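*Asks:* Once you've had a glance at the structure underneath, I'll fire off some questions.
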Amino acid sequence: METTKQIIADENLISYCGFYCGACPKFLKGQCKGCKGNTPDCAAGYNACKVRPCCLDNGYSSCADCKKHVYVRDCKDYNPLMIRFGQFITRTNRRKGIEMIKEKGTAGFLNFMIDKNWVTMKTNK
């Protein structure tokens, strides 16, 4: 029998790229640990992700801490074509999550994402 966790506010569950893993159905079912763990079963794109190693190498909690780029849209590691295409199809925008963290801080981002029950920012709302 699968147990579903309750969504809680946890800064450690904010992904490097601006998702809130704490609201992800896979995380809530115990099938994923989020991207901040140290094993490949931590996130779906763990091995392919270019954002994670950059944040780890630079000591960033997320791309909101980046000192190399003022805007994440300017980062080639953050914005590969396939990610942009996927976001267009799913009507999501992880960049808006990073922008919210910069503007309102992690607490503001967490409260918003938990209130909406969102993993990533929606563009059609």
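The values are calculated or read from the model by the stated rules, or taken from the named source; none is laboratory data. Model, not experiment: these values are computed from the prediction. Virtual Cβ from ideal backbone geometry, glycine too; neighbours counted across all protein chains shown.
*Asks:* Under 8 Å between Cβ atoms, which residue pairs at least 6 apart in sequence (or on different chains) link something in segment 101-121 that is touching a residue at least 40 places away in the same chain (Cβ under 8 Å) with a partner that is acidic (D, E) and assigned to a helix (DSSP H, G or I)?
*Replies:* T106/E11; L110/E11
*Asks:* While we're here: Suppose we keep only residues that are charged (D, E, K, R) and surrounded by 12 or more Cβ atoms within 10 Å (Cβ to Cβ) within segment 92-108. Which one would you say is nearest to the chain's Cα centre (by Cα)?
*Replies:* R94
*Asks:* Follow-up. Out of curiosity, is K102 farther than 14 Å from I14 by Cβ and not polar (S, T, N, Q)?
*Replies:* Judged against the criteria, K102 is not a match.
*Asks:* Hey, another quick one. Scan segment 107-125 residue by residue and report those that are within 10 Å of Y20 (Cβ to Cβ) and part of a helix (DSSP H, G or I).
*Replies:* Residues satisfying the conditions are F109, L110, F112, M113, I114, K116.
*Asks:* Suppose we keep only residues that are surrounded by 12 or more Cβ atoms within 10 Å (Cβ to Cβ) and among the aliphatic types (A, V, I, L, M) within segment 50-81. Which one would you say is farthest from K102 (Cα to Cα)?
*Replies:* Here the residue is L56.
*Asks:* Taking G30 and the conditions (1) more than 20 Å from N124 (Cα to Cα); (2) surrounded by 13 or more Cβ atoms within 10 Å (Cβ to Cβ), which numbered condition does it fall short on, given that it satisfies the others?
*Replies:* If we test G30 against (1) more than 20 Å from N124 (Cα to Cα); (2) surrounded by 13 or more Cβ atoms within 10 Å (Cβ to Cβ), just (2) comes out false.
*Asks:* Just to verify a result, which residue in segment 4-14, among those that are closer than 15 Å to F112 by Cβ and modelled with pLDDT of 90 or more, is surrounded by the most Cβ atoms within 10 Å (Cβ to Cβ)?
*Replies:* I14
*Asks:* Of the conditions (1) modelled with pLDDT under 90; (2) touching a helix residue (DSSP H, G or I) at 6+ places or on another chain (Cβ under 6 Å); (3) of a type in the set (D, E), D41 fails just one. Which one is it?
*Replies:* Exception for D41: condition (2).
*Asks:* Tell me the residue from K68, K102 that is in contact with a helix residue (DSSP H, G or I) (Cβ under 6 Å, 6 or more places away or on another chain) and among the basic types (K, R), please.
*Replies:* So the residue among K68, K102 that is in contact with a helix residue (DSSP H, G or I) (Cβ under 6 Å, 6 or more places away or on another chain) and among the basic types (K, R) is K102.
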